Amino acid sequence: MSSRYNHREVEPKWRERWAAAGVDRALSPDEAKGKKKAYVLEMFPYPSGRIHVGHSRNYTMGDVIARFRRSNGYNVLHPMGWDAFGLPAENAAMERGIHPKGWTYDNIAAMREQLKLLGLMIDWSRELATCDASYYKHQQALFLAFWKNDLVYRKKQKVNWDPVDNTVLANEQVVDGKGWRSGAPVETRELEQWMFKVTAYAEDLLAALEKLEKWPDKVRLMQTNWIGKSQGAKIWWDIAEAPSFLPPSPAGEPNHARDPVEVYTTRPDTLFGASFLALAPDHPLTKAIAEHNPEVARFIEQCAQLGTSEADIEKAPKFGVDLGVRVRHPFDPDWILPVWGANFVLSTYGTGAIFGSPAGDQRDLDFANKYKLPFKPVVLPPGENAATYKVEKDAFTDDGTLYNSKFLDGLSTRDAIKAAVTELVKLKAGEATTQWRLRDWGVSRQRYWGCPIPAIHCAKCGVVPVPEKDLPIALPEDVTFDKDKPGNPLDRHPTWKHTTCPQCDGAATRETDTLDTFVDSSWYFARFTDPNNKGAPFDKKLASYWLPVDQYVGGVEHAVLHLLYARFFTRAMRDCGFLDGPADGEPFKSLFTQGMVVHETYKSATGAWLLPEETDVKDGKRVELKSGGAVEVGAIEKMSKSKKNVVDLDAFVTDFGADVARWFVLSDSPPERDVEWTASGVKGAWGFVQRVWTLTEAHGRAAPKVEDTAPPSANEGEAHALRQLAHRAIESVTEDIEHFRFNVAVARSYELVNAIAKLKGDDEGAVFARGEALRILAQLISPFMPHLAEECWEKLGGEGFVATAPWPVADAQLAARNVVTLPIQVNGKKRAEIEAPKGAAEADVRELALQHAAVKAFLEGVTVRKVIVVADRIVNIVAN
RNA sequence: GCGAGCGUGGCGAAACCGGUAGACGCAGCGGACUUAAAAUCCGUUCGCCGCAAGGCGGUGCGGGUUCAAGUCCCGCCGCUCGCACCA
């Protein structure tokens, strides 16, 4: 009689045995002589509290790859750590009076235990947390090195300011232009901020994308667009008229009343369609006028309330104000245009000033229509007539032929751009220029729970770096988070910031800004190569051995910022002498962006979110367990704590086991797409686990070894068919894992199990074929369900761990398909099937197809015009 | 608003480089076993017409290219992600 598979005993047993045998450990380069290395990494988690099954997908995918590589003889590095600085810890501190440090470390302890339950093959000896001084000490050293190498500077930047809470707001803390806690309208303030010179590498960050062949095209495209290299022109517009209040200044000094306004455009060809100039609200000229013109001042104020989020600014209705300045058209001194301030002009791109050419740009058109500014079209779309073509509500932004444009008339868009630039250069009114959308990275945060910036402000010496011997600059722990004492706790700490200047020994203050948490995650993958190094961020040799990360797995939401910053950091670390490799500066050789786990959301009668386990289905309706009241079933959304649509990992593993969770999140949906967590899916995975175990146990004897010769009866009839299928499964699953088609690998495993169950009989051949297939099955599922696979492996008399056994190799002869089924189409519609030997000659196949009775019926009365034979695939007969 | 992606049965999906649409799983239906249920096993399941053989239609919508389109091109619709201080 077969016993039920008991995951509660089996799973912890194997985890203990793996740990005792050190299966999870990465070998040192010396120990691993002769082995290839594989560095597999999942984006490390923020320790937000507890792990739910949604998180597990990302780590399971990485684990499948890590285990697969281990089985294929690689020296595998698969580490885990914590992205432990950040806002939620401070929010928890404010809301619940807990210290961010205690909250964070408690969460880490809980989540570590949960992750261990999953049976991930992780080298826990390399665990790190970015909030440890032992980690951020080295980050401060990197900051100082970047500073020394001219990759760090200070600059004024706009921030969202909450005037009630007296604090800087993150974009996500601005809701409808108001602070999320105070509800006060947001103001924009300028603060002196620390910047990383990412743009120093703009050209290389762009060019190198082409070589990242194992990154998804969509991510490369998003990065390309983000970097946004564009060719265009700067144009200088002479001022014809300016308000008299703009103060005059001596020659040679900047003067808003006299200096031309510089504009950047990618479309100088549309200059004759210019209707106005528009400046950003924080353009120097706009600001200078606002000092004397209340209407312009109000305009700036209104813009400030939009916050700093580009999405919010661009979604807002367009508005502007006439600045009272008039400029001359570069191609016609008598043509005078108005200068406006406009909310849709971004100060962070180009020169913060544009010329509006309404017929050729939708935003310019909307603006011109709103303020009744006259304009005319200058680009004629292909196929349109100049006499009748009109632009009213829809701008034409594509290429066409120039008209209404004097010397540019008749030229194509492309030629006209060149001609216009040539003319601008001749008139000394402009020049060709390359523009980037990419900006330098502002890393200052006015927050407590982050890495302190190692700088000192001295009244005499200015801003001075902290000497390296004084690192780490550690966060003080005695801080308060009272709601009524707002601002940065570091800044208001009574003693922490007071120090002496390392240069003049005079009284000085520490920098109280901390680093953006994106900095923490920009180099952690390098630290993992040598996580316990006390004297340096990491050893050069170890980093060169392990880097780049061979397989990086994470959410597509990081497609731009995190990945770009990490690419910048690797280059910067290399150029500052920390890294020898990878020479191309690319940290991640292969990238996979996985989909999320989504789940239905539930709301009680009172409108409160409910956990799935707080509800049940009764008579086809979902009800609240506690009250019996009706539950409103909401949208299927990404599992998140706030909507409570989460399934906690501990409880699930207790009920069903880690293997069921792992199998489920990889089944059904392709890894890059979202997967919905459902009870029926769990049931399916559970049933599969039981079935594999039942079949293995029922077999009741050791499986043949790889080197054993099959008895002749195993190569006949059904036994032979099972052997073929098993060896084809090896080929397929191996390919599927290589290409991240985990859901297909799962389907192949089902097919194999179905075939094993189907083969009856206890003769020598059947026993051999079944034993062999079960052994192969245990190996093929071992990266997905490692605990079950070990138990089966042991039952089948396998030596050692299945986790360290060499990956099975398909017998090419058994896996080969000698006969193929070819569909025969007549005029593209399938009419028959024929069987033909693989690689059969085209003429033979053609003949077979034409002679087929069913085909002949369709060819009666028509002439065969053409017969297309695609070898081993299809035959299509064209006839009429 | 801008940039990117996705859309296939009742449901999750598969389909390699343009070559049999629906593998595999879930759910359903029919049956076997059983006092009964659960579990298990066997069969069946895209729609329409047909006793059947078979035929016709079908991959969000509308066009196009091709001997052949889920796959390529153009235009829509819907959803998801990112937009620089969430991580």
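The values are calculated or read from the model by the stated rules, or taken from the named source; none is laboratory data. Nothing here was measured: the structure is a model prediction, and the numbers come from that model. No Cβ is skipped: glycine too gets one built from the backbone with ideal geometry, and neighbour counts run over all protein chains shown. Side chains included, ligands, DNA and RNA excluded: accessible areas come from the protein's heavy atoms. Shrake-Rupley method; radii C 1.70, N 1.55, O 1.52, S 1.80 Å.
Go through the range A:302-317 and count every residue that is assigned to a helix (DSSP H, G or I), open to solvent by less than 40 Å² (accessible area, probe 1.4 Å) and near RNA strand B (Cβ under 6 Å from one of its atoms).
0
What pairs come out if I take residues in the range A:788-809 that are more than 16 Å from A:SER71 (Cα to Cα) and pair them with residues that are open to solvent by 20 Å² or more (accessible area, probe 1.4 Å) and assigned to a loop (DSSP other than H, G, I, E, B) whose C-beta lies under 8 Å away, six or more apart or interchain?
As it stands, the answer is A:LEU796/A:ALA702; A:GLY797/A:ARG701; A:GLY797/A:ALA702, since those pairs meet every condition given.
Is it fair to say A:GLU301 is under 13 Å from A:VAL186 (Cα atoms) and modelled with pLDDT of 90 or more?
The answer is yes for A:GLU301.
Quick check: anything in the range A:829-850 touching a residue at least 60 places away in the same chain (Cβ under 8 Å), of a type in the set (Asp, Glu) and closer than 25 Å to A:ALA729 by Cα?
No, because not a single residue in the range A:829-850 is touching a residue at least 60 places away in the same chain (Cβ under 8 Å), of a type in the set (Asp, Glu) and closer than 25 Å to A:ALA729 by Cα.
Would you confirm whether any residue within the range A:649-661 is farther than 22 Å from A:GLU11 by Cα and of a type outside the set (Gly, Ala, Ser)?
No; the residues of the range A:649-661 include none that is farther than 22 Å from A:GLU11 by Cα and of a type outside the set (Gly, Ala, Ser).
Taking only the range A:381-413 into account, find how many residues are open to solvent by 50 Å² or more (accessible area, probe 1.4 Å), part of a loop (DSSP other than H, G, I, E, B) and among the β-branched types (Val, Ile, Thr).
2
Considering the range A:460-495 alone, what residues qualify as being in a loop (DSSP other than H, G, I, E, B), aliphatic (A, V, I, L, M) and closer than 29 Å to A:ASP162 by Cα?
Of everything in the range A:460-495, those that are in a loop (DSSP other than H, G, I, E, B), aliphatic (A, V, I, L, M) and closer than 29 Å to A:ASP162 by Cα turn out to be A:ILE473, A:ALA474, A:LEU475, A:VAL479.
Could you list all residues from the range A:639-668 that are of a type in the set (A, V, I, L, M, F, W, C) and open to solvent by 30 Å² or more (accessible area, probe 1.4 Å)?
Hits for the range A:639-668 are A:ALA651, A:PHE656.
Counting just the residues of the range A:170-193 that are near RNA strand B (Cβ under 10 Å from one of its atoms) and not in a loop (DSSP other than H, G, I, E, B), which one comes out most open to solvent (accessible area, probe 1.4 Å)?
Here the answer is A:GLU172.
Looking at the range A:669-685, which of the residues that are open to solvent by less than 60 Å² (accessible area, probe 1.4 Å) and in a helix (DSSP H, G or I) is nearest to RNA strand B (Cβ to nearest atom)?
The qualifying residue nearest to RNA strand B (Cβ to nearest atom) is A:GLY684.
Just to be sure I understand the filter: pairs with C-beta atoms under 7 Å, separated by 6 or more residues or on different chains, first member in the range A:536-558 and within 16 Å of RNA strand B (Cβ to nearest atom), second member among the aliphatic types (A, V, I, L, M) and in a strand (DSSP E or B). Which pairs pass?
Pairs that qualify, where the first residue is within 16 Å of RNA strand B (Cβ to nearest atom) and the partner is among the aliphatic types (A, V, I, L, M) and in a strand (DSSP E or B), are A:TYR552/A:LEU41; A:TYR552/A:LEU591.
For A:VAL339, work out the one condition from (1) at pLDDT 95 or above; (2) touching a Ser or Thr at 6+ places or on another chain (Cβ under 6 Å) it doesn't fulfil.
Exception for A:VAL339: condition (2).
In the range A:74-122, which residues are more than 15 Å from RNA strand B (Cβ to nearest atom), open to solvent by less than 50 Å² (accessible area, probe 1.4 Å) and without any contact (Cβ under 8 Å) to a residue 12 or more places away in the chain?
Within the range A:74-122, A:GLY102, A:ALA109 qualify.
Can you find, within the range A:858-873, the residue that is nearest to the chain's Cα centre (by Cα) among those that are open to solvent by 50 Å² or more (accessible area, probe 1.4 Å) and in contact (Cβ under 8 Å) with a residue 24 or more places away in the chain?
A:ARG873
Hey, could you check the range A:450-459 for residues that are part of a loop (DSSP other than H, G, I, E, B) and buried (at least 16 other Cβ atoms within 10 Å of the Cβ) and say which is nearest to RNA strand B (Cβ to nearest atom)?
A:GLY450
If I ask for residues that are over 13 Å from A:TRP441 (Cα atoms) and open to solvent by 10 Å² or more (accessible area, probe 1.4 Å), which ones from the range A:142-157 would you list?
Selection gives A:LEU144, A:ALA145, A:TRP147, A:LYS148, A:ASN149, A:ASP150.
Name the strands (runs of 3 or more DSSP E) wholly inside the range A:805-880 in which the number of residues that are among the hydrophobic types (A, V, I, L, M, F, W, C) and near RNA strand B (Cβ under 8 Å from one of its atoms) is 1 or more.
The qualifying strands (runs of 3 or more DSSP E) are A:819-826, A:864-870, A:874-879.
Go through the range A:496-516 residue by residue and tally those that are in a strand (DSSP E or B), in contact (Cβ under 8 Å) with a residue 60 or more places away in the chain and not polar (S, T, N, Q).
Of the residues in that region, 1 qualify.
Test A:PHE367 against the stated conditions and say whether it is under 22 Å from A:ILE235 (Cβ atoms) and either open to solvent by less than 60 Å² (accessible area, probe 1.4 Å) or among the basic types (Lys, Arg) (or both).
So A:PHE367 fits the description; yes.
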